[in-house]
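For reference, the structure discussed in these notes is given below.
The values are calculated or read from the model by the stated rules, or taken from the named source; none is laboratory data. Quantities reported herein were computed from a predicted structural model and do not represent experimental measurements. Because the Cβ atoms are built from the backbone with ideal geometry, glycine has one as well, and the counts that use them run over all protein chains shown.
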Amino acid sequence: MKSLTDPPQALSTGLAKIRDELHVPDGFPADVLAAAQAAARRVPNQHADRTAMPFVTLDPAASTDLDQAFSIEASGSDLLLHYAIADVAWFVADGDAIDLEAWTRGETLYLPDGKAGLYPPIIAEGAASLLSDGPRPAVVFTVRVAEDGAAALDGAERSIIQSRAKLAYESVQSSDLPFGFAELARRMAMNEKRRGASRVDPPEQEVERLADGTFRLSFRPLLQSEQDNAALSLATNMAIADAMLAHHTGLFRVMSEPDAFKVKRLRNAAQALGLSWPDSTSLRDYQQTLDPSDPQQAALMLEIRHASPGASYQPYQEGIVPWHEAMAATYAHATAPLRRLADRYVVRCALAIANGQPVPQAVIDAFARLPKVMGRADSRASQINHAAIDLAEAVMLKGREGETFKAVVTDFVDHGVRVQLSDMPVVAIVKATGLKQGDGLALRLVLADPDRRSIVFEPV
């Protein structure tokens, strides 16, 4: 981890430039804000009273746009996960000003110094957010998780809930969590292993703003609390996906596996990094053995992510099974409607199915339009993330031109290699030949330009 003090405000200036270049929205139009203020006053009248159920939330400590709350109970040998999802559709009507603006955005965009929300804060961080400061409307999905981790949708209803606690990944203790939390996560992990799922969570390069106004650039692995909490979303999303597929409708998250050429390159990368990958072991099985705390294995995990073709959205098509290769399952996005436009429609679809009602035509029509809209939003979010990291790297290294740094080759790219600095969370492309993955080398910093978000190294 490295702190960036940024005395000349180069990082702040650069982030403002990124917002301008990538058209990050700054606030909301007046008509959208007015509509949101009116919507936030809507009194729920189609919701069952479930305030007696012991729901809690688990998120990053600073988060205020809380999509999910959960409660768990035993049902024989099964666990019943009651997963409450923010009822965004109660506040946003098809075709109103809030809805139209959300379709232009697609998803919440995150930068180190703030975010551009999908919905106005009065809804996303107030009336619809499942905070613990008062009752909130939600759609509660009941998911039955068997001993072997198989998850099935038992029911869904619009409910009023009251979160008992706002728990944080960074500080939560096992005693804070509801009954069955760890056991449900264990069952889902066991089920993933049995399915042969290849979902991996390598440490990610990120830029974070600290409380004192400085920034930090780091590689951050997921906390155990995050991984366990993700199991709840996974169970719910898979159960909803199966229910939609059985009813010949829905919007699914799909991804194919890397092709044979990329798998061969990954095998070469493993060899260069000194890792043993038996010929008889598939990529899917091999990924499950990798440890993100080991630098060589973490480097390979990142390369596997680079080699993956990426996930996309696909509406139901008769005769086609929507498949997510990394999950080794049919999968959908339903659990983050405050941050992703598509989730609001999947929630509405699943709610109708669970109650024996026809899926609204507006939802079916939206499923046809959403893949393009969400693809564009995902692409912009990725561009913003990469630009912020490039900027932070340049700010960190500014003024150190001429210095020599140790690095390790992690992959080959056109006209050079990708390297990871040994003592900084910095990744760079270097023009060099005659190297292989895993090789160490010394690099001289030639240029660090925050204005262009560019760093240039040359081999010593």
**Q.** When residues of the range 7-33 are limited to those that are surrounded by 14 or more Cβ atoms within 10 Å (Cβ to Cβ) and small (Gly, Ala, Ser), the one farthest from ASP113 (Cα to Cα)
**A.** ALA10
(Q) Just to verify a result, which residue in the range 420-437, among those that are in a strand (DSSP E or B) and over 17 Å from ALA269 (Cβ atoms), is farthest from the chain's Cα centre (by Cα)? (A) LEU421
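For the range 1-88, which fully contained strands (runs of 3 or more DSSP E) count at least 3 residues that are modelled with pLDDT of 95 or more?
Working: elements: 2-4, 55-59, 68-75, 78-86.
Those strands (runs of 3 or more DSSP E) span 55-59, 68-75, 78-86.
Provide a single number: the residues in the range 354-364 that are assigned to a loop (DSSP other than H, G, I, E, B) and among the polar types (S, T, N, Q). Write out each step before concluding.
Filtering the range 354-364 for residues assigned to a loop (DSSP other than H, G, I, E, B) gives 355-360.
Going one step further and asking which of them are among the polar types (S, T, N, Q), we end up with 355, 357.
Number satisfying all stated conditions: 2.
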Q) Is it true that ALA93 is surrounded by 13 or more Cβ atoms within 10 Å (Cβ to Cβ) and either part of a helix (DSSP H, G or I) or acidic (Asp, Glu) (or both)? A) no
Q. Among all residue pairs at least 6 apart or on different chains, which show Cβ distances below 8 Å where the first residue, located in the range 20-47, is more than 20 Å from GLY106 (Cβ to Cβ) and the second is of a type in the set (Lys, Arg)?
A. PRO44/ARG158; GLN46/ARG158; HIS47/ARG158
**Q.** Enumerated strands (runs of 3 or more DSSP E) restricted to the range 109-185, each holding at least 2 residues that are closer than 25 Å to ARG348 by Cβ and at pLDDT 95 or above
**A.** 136-145, 151-161
Q | Flag if THR433 is of a type in the set (S, T, N, Q) and either touching a strand residue (DSSP E or B) at 6+ places or on another chain (Cβ under 6 Å) or within 30 Å of ALA241 (Cα to Cα) (or both) | A | no
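Is it fair to say ALA377 is assigned by TED's automatic domain parsing to the domain that holds GLY95, more than 26 Å from LEU300 (Cβ to Cβ) and surrounded by fewer than 20 Cβ atoms within 10 Å (Cβ to Cβ)?
Working: assigned by TED's automatic domain parsing to the domain that holds GLY95: yes; more than 26 Å from LEU300 (Cβ to Cβ): yes; surrounded by fewer than 20 Cβ atoms within 10 Å (Cβ to Cβ): no.
Judged against the criteria, ALA377 is not a match.
Here is a yes/no grid of residues against (1) assigned by TED's automatic domain parsing to the domain that holds GLU192; (2) modelled with pLDDT of 90 or more:
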{"position": "LEU300", "(1), (2)": "no, no"}
{"position": "ILE304", "(1), (2)": "no, no"}
{"position": "GLN317", "(1), (2)": "yes, yes"}
{"position": "ARG344", "(1), (2)": "yes, yes"}
{"position": "VAL347", "(1), (2)": "yes, yes"}
{"position": "PRO360", "(1), (2)": "yes, yes"}
{"position": "LYS406", "(1), (2)": "no, yes"}
{"position": "ARG418", "(1), (2)": "no, no"}
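Does any residue of the range 396-414 turn out to be assigned to a helix (DSSP H, G or I), buried (at least 16 other Cβ atoms within 10 Å of the Cβ) and of a type in the set (A, V, I, L, M)? Walk me through it before giving the result.
Filtering the range 396-414 for residues assigned to a helix (DSSP H, G or I) gives 396-397.
So of that shortlist, the ones also buried (at least 16 other Cβ atoms within 10 Å of the Cβ) come out as 396-397.
Checking which are of a type in the set (A, V, I, L, M) leaves us with 396-397.
Yes, the conditions are met somewhere in the range 396-414.
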**Q.** Tally, over the range 342-359, of residues that are crowded, with 24+ Cβ neighbours inside 10 Å and touching a helix residue (DSSP H, G or I) at 6+ places or on another chain (Cβ under 6 Å)
**A.** 5
**Q.** Selection from the range 124-180 of residues that are of a type in the set (Ser, Thr, Tyr) and surrounded by 18 or more Cβ atoms within 10 Å (Cβ to Cβ)
**A.** SER129, THR142, SER159, SER163, TYR169
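Can you name every residue in the range 92-122 that is farther than 26 Å from GLY14 by Cα, among the aliphatic types (A, V, I, L, M) and under 21 Å from the mean Cα position of the chain (by Cα)? Before you say what the answer is, go through the steps one by one.
The first filter runs over the range 92-122 and keeps only residues farther than 26 Å from GLY14 by Cα, leaving 92-103, 122.
Okay, now just the ones that are also among the aliphatic types (A, V, I, L, M), so 92-93, 97-98, 100, 102, 122.
Of everything in the range 92-122, just one residue is farther than 26 Å from GLY14 by Cα, among the aliphatic types (A, V, I, L, M) and under 21 Å from the mean Cα position of the chain (by Cα), namely ALA102.
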Q | the range 153-165 residues that are assigned by TED's automatic domain parsing to the domain that holds GLY134 and in contact (Cβ under 8 Å) with a residue 60 or more places away in the chain, paired with ones that are part of a strand (DSSP E or B) and surrounded by fewer than 17 Cβ atoms within 10 Å (Cβ to Cβ) (beta carbon under 6 Å, 6 or more apart) | A | GLU157/ALA48; SER159/ALA48; ILE160/ASP49
Q: Would you point out the residue of the range 291-321, among those that are within 25 Å of ARG253 (Cα to Cα) and among the hydrophobic types (A, V, I, L, M, F, W, C), that is surrounded by the most Cβ atoms within 10 Å (Cβ to Cβ)?
A: LEU300
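Test THR57 against the criterion of being farther than 17 Å from LEU351 by Cα, under 21 Å from the mean Cα position of the chain (by Cα) and crowded, with 17+ Cβ neighbours inside 10 Å, and give yes or no.
Details: farther than 17 Å from LEU351 by Cα: yes; under 21 Å from the mean Cα position of the chain (by Cα): yes; crowded, with 17+ Cβ neighbours inside 10 Å: yes.
Spelling it out, THR57 is indeed farther than 17 Å from LEU351 by Cα, under 21 Å from the mean Cα position of the chain (by Cα) and crowded, with 17+ Cβ neighbours inside 10 Å.
Say we look at the range 360-374 and pick out the residues that are out of contact with any Lys or Arg (no Cβ under 6 Å at 6 or more places or on another chain) and among the aliphatic types (A, V, I, L, M); which of these is surrounded by the fewest Cβ atoms within 10 Å (Cβ to Cβ)?
The initial filter retains those residues of the range 360-374 that are out of contact with any Lys or Arg (no Cβ under 6 Å at 6 or more places or on another chain), namely 360-362, 364-374.
Next, from what is left, pick out any that are among the aliphatic types (A, V, I, L, M): 362, 364, 366, 368, 370, 373-374.
Working: ALA362: 13, ILE364: 17, ALA366: 23, ALA368: 10, LEU370: 23, VAL373: 19, MET374: 21.
So, considering only residues that are out of contact with any Lys or Arg (no Cβ under 6 Å at 6 or more places or on another chain) and among the aliphatic types (A, V, I, L, M), the one surrounded by the fewest Cβ atoms within 10 Å (Cβ to Cβ) is ALA368.
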Q. From the list ALA38, ALA62, which one is assigned by TED's automatic domain parsing to the domain that holds THR335, over 24 Å from the mean Cα position of the chain (by Cα) and of a type in the set (A, V, I, L, M, F, W, C)?
A. ALA38
